[in-house]
Amino acid sequence: LKVIASLQAAQPTIQMLLHSNDFCTALELVASTQELLQSSEQVSSRTGATSSASVLLDPSIGSSQQITCLRHLSAQLIEISRFVRHMIEAEFEASLRQFLEPRPSGAGQYRRPDLVPCLLGLLHIKRHDFVSAFRAELLRQVKLVQHPRSSSGVDVDDDSAKPEVPLREHIAAMSSEEWIETIAQRCKELQELLIRAQEAMTIFFETMNQCVQSVSDSLAKKPTSPPAALQLTSPLLTSDEISQLTNQLRSAIVAACITAQNHIVNLASIRMKVTTTTTTSKKVSTNSANGLDEQPPMDKLSIEQFIKLADVLQQFQEFILRWTKHDIRPPTDTNEAVMDSHPNPSPASHDMDGDSADTAHPTNEAASPKHVHQNFSIPPLIRLLLNLTRNAVHRFHQDRLTKVDVMVNQERWQAVVVPNQIQQLVEQTFELRKGRKQASSTLRSINLSDSESVRSYMASPISLHGGVASSVVLGGDRFVVVGTVLLLLPVMVDYTTLAEQLPCKPWSVHEVAERLAELLNSFNSRTCQLVLGAEARRSADLPTISARHLALTSRSLQLISRCIPIIRSDLESLAADERTESKQLLTSVPGYFTKRHRQQGSLEHVENLFHEHIGQISDKLFSLLSNRIQDKLSCWDVRPPTPSLELKAICRAFTRMVESTTDIMPVDMLTPILLRAHNEFKTHLRHRLSELGVTADGGPRQSLVDFELTYYMSQFHRLTARLSKFSDDFVDVWPTS
């Protein structure tokens with residue numbers, strides 16, 4: 001009767017345990033009840049056999065007839081066990097769904113016991129495939145984020161009756177600000193979802209380890225326990241199984257990260273494709289005329305909006321890299337060659353289509369380590385950031401390059417006054433790195449509209465802009481420059497400011513440096529064509545390219561070449577100061593290493609080109625004097641009166657060059673040119689004396705030449721202060737007899 005009472009009390013006890021979600025105890029009670037029922041029936045059967053001969057004589061009388069009230073209990077226990085198993089699976093799915101769903105604002109941390117009993121129950125029934133349910137629910141939650149939700153918690157069934165607007169049309173109708181806010185909100189929701197998934201994984205991992213630890217502690221306390229006790233405390237998992245399940249959980253989160261990345265990439269890709277489609281017909285004629293057939297899409301997105309968007313994407317990518325950064329492989333030479341052959345790929349036509357094609361694989365296949373490794377060779381979100389950054393730099397560069405080209409082609413090649421704001425910009429930007437000034441961050445940050453302000457300076461009356469100066473002062477040196485330089489200086493600062501704000505450092509810094517080198521090289525080359533190539537005679541309607549034009553061009557180039565090393569040092573420091581994580585992020589970019597080495601020499605190479613051009617201008621100034629000397633000495637003869645007209649013309653050429661350039665070129669630059677011309681004068685004079693047969697014989701012809709040289713030296717001493725002490729006895733001009 002006690003056994004019957006115990007067996008009949010098992011059913012309500014199991015119900016009570018299930019009500020409290022104690023699935024393991026309920027299952028153990030079902031198993032122990034079945035064992036007790038079987039043992040009681042065996043005992044009852046043996047007892048009945050020894051006391052009643054009728055049982056032995058009638059084989060139809062079974063052991064179940066000994067306890068008639070329990071004849072259906074065994075089948076009921078089997079059904080209860082099956083029900084508990086289904087209940088564990090359903091309760092786990094419901095609890096997991098509730099755990100991963102967005103939590104109302106103000107709600108506390110999700111209570112841990114809600115998942116633990118279900119997980120213990122699954123482990124108890126050896127259902128180790130709970131990871132598949134976790135993976136499926138996590139990916140389902142990621143897909144739910146892709147659809148708009150009611151933020152007030154009100155039932156949205158009324159909205160479901162409305163026809164669904166396609167995502168492409170919905171994004172096309174958004175403004176840039178709304179589109180960026182949508183991406184930011186999706187990134188936030190996905191990040192919160194992945195954080196909840198990480199919390200669930202932590203619960204699973206700790207629960208599995210506690211199972212092993214509790215079994216170890218139980219066995220340590222009861223080393224001589226009977227076999228029945230060993231079954232109750234036997235481990236639900238082995239260490240190898242825990243390790244395998246942990247890897248599967250991580251793979252599930254990585255798959256969710258891949259899906260989340262692809263969703264954000266698709267949001268940007270659709271917008272870019274929509275922009276391309278709607279603006280192609282409007283831009284095809286303009287771009288063809290301006291040579292901008294590769295103008296990137298998203299042209300309505302300002303630089304400030306792009307910085308905001310890039311910041312959102314980069315923060316989300318850094319969060320994603322917690323799971324995926326170890327699966328990125330280094331670049332190969334083949335990939336580098338592919339990237340280098342397409343420096344400006346269209347994100348809407350090439351990379352983004354590739355991302356869309358990759359979306360289906362991670363969500364349908366098990367993310368094995370090898371599969372994850374292949375998919376994250378270049379993560380799609382990194383590729384998106386790189387494309388967006390490259391396009392932003394391209395648009396920024398094309399805008400500045402066009403402005404500079406227009407200014408150079410319209411240059412009048414005259415000295416301009418320098419507004420005080422330009423002088424302050426030079427002092428704050430190009431002198432603070434020499435330790436002379438410590439500018440604040442507000443002064444260091446130059447607005448992107450400075451280029452327009454420079455153009456307004458030159459288009460408006462000078463008196464409206466406060467104080468002005470006749471030259472730019474840098475490092476104690478004066479530079480009289482042309483108007484284009486006043487535009488180019490703020491533009492150079494714009495590039496450094498852009499490099500500070502862009503994501504994907506240090507790759508983006510190298511990209512900006514290359515574009516800046518291209519801009520400066522274009523300015524240098526075009527200036528060379530206009531001045532040395534004399535194209536300015538047509539573009540600026542100049543009668544001739546005079547020494548003053550050459551001197552003004554030389555000083556303009558010298559100022560820019562003085563600024564290039566400072567800009568280069570600033571960009572190199574900016575790239576070197578990046579954190580190790582950022583560098584590891586970009587080491588997976590094809591072409592990164594070749595671009596880095598190429599950038600280290602690009603600005604330096606442009607600086608050398610500037611110096612070569614400056615040297616060519618100095619040679620041109622020298623050739624102006626040399627040609628004049630050669631022309632006059634070729635028809636000069638030793639005869640009175642002295643000084644001759646030819647020698648007066650030579651001295652007048654020296655004087656005019658000094659007078660036209662002395663307010664532009666410093667004496668230190670002008671004096672070497674004059675000394676070179678002096679040596680050229682001596683060379684041609686020696687050759688002419690040899691032709692005339694005049695030697696230092698002390699005769700009257702030598703006296704006439706001496707009078708000519710005395711006049712020449714008196715005029716030469718008056719050119720500059722340094723030449724006033726110059727002496728030359730002209731012994732080497734006399735041909736040997």
Identity of the residue in the stretch 695-732, over 24 Å from residue 670 (Cα atoms) and hydrophobic (A, V, I, L, M, F, W, C), that ends up nearest to the chain's Cα centre (by Cα): 731
Subset of the stretch 601-649 that is within 60 Å of the chain's Cα centre (by Cα) and hydroxyl-bearing (Ser, Thr, Tyr) - its residue that is surrounded by the most Cβ atoms within 10 Å (Cβ to Cβ): 602
Whichever residue in the stretch 512-562 is basic (Lys, Arg) and out of contact with any Leu (no Cβ under 7 Å at 6 or more places or on another chain) and, among such residues, is surrounded by the most Cβ atoms within 10 Å (Cβ to Cβ): 555
Residue count, the stretch 650-673 (criterion: of a type in the set (S, T, N, Q), in a helix (DSSP H, G or I) and surrounded by fewer than 19 Cβ atoms within 10 Å (Cβ to Cβ)): 3
Index of the failed condition, residue 593 passing every other in (1) assigned to a loop (DSSP other than H, G, I, E, B); (2) modelled with pLDDT under 90; (3) of a type in the set (A, V, I, L, M, F, W, C): (1)
Inter-residue pairs, beta-carbon under 7 Å, first among the basic types (Lys, Arg) and in the stretch 81-99, second buried (at least 16 other Cβ atoms within 10 Å of the Cβ) and modelled with pLDDT of 75 or more, 6+ apart: 97/137
Test: residue in the stretch 702-712 that is outside any helix (DSSP H, G or I) and either touching a helix residue (DSSP H, G or I) at 6+ places or on another chain (Cβ under 6 Å) or in contact (Cβ under 8 Å) with a residue 40 or more places away in the chain (or both): no
From the options 541, 570, residue that is of a type in the set (Asp, Glu), modelled with pLDDT under 95 and closer than 22 Å to residue 473 by Cβ: 570
Residue count for the stretch 498-551, restricted to those that are at positive phi and either in a helix (DSSP H, G or I) or β-branched (Val, Ile, Thr) (or both): 0
Complete set of residues in the stretch 140-178 that are under 21 Å from residue 259 (Cβ atoms), at pLDDT below 90 and touching a Lys or Arg at 6+ places or on another chain (Cβ under 9 Å): 145, 146, 168, 171
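The values are calculated or read from the model by the stated rules, or taken from the named source; none is laboratory data. This structure is a prediction, so every number in the text was calculated from the model and none was measured. A quick note on method: Cβ atoms are made from the backbone with ideal geometry, for glycine too, and the neighbour counts reach across all protein chains shown.
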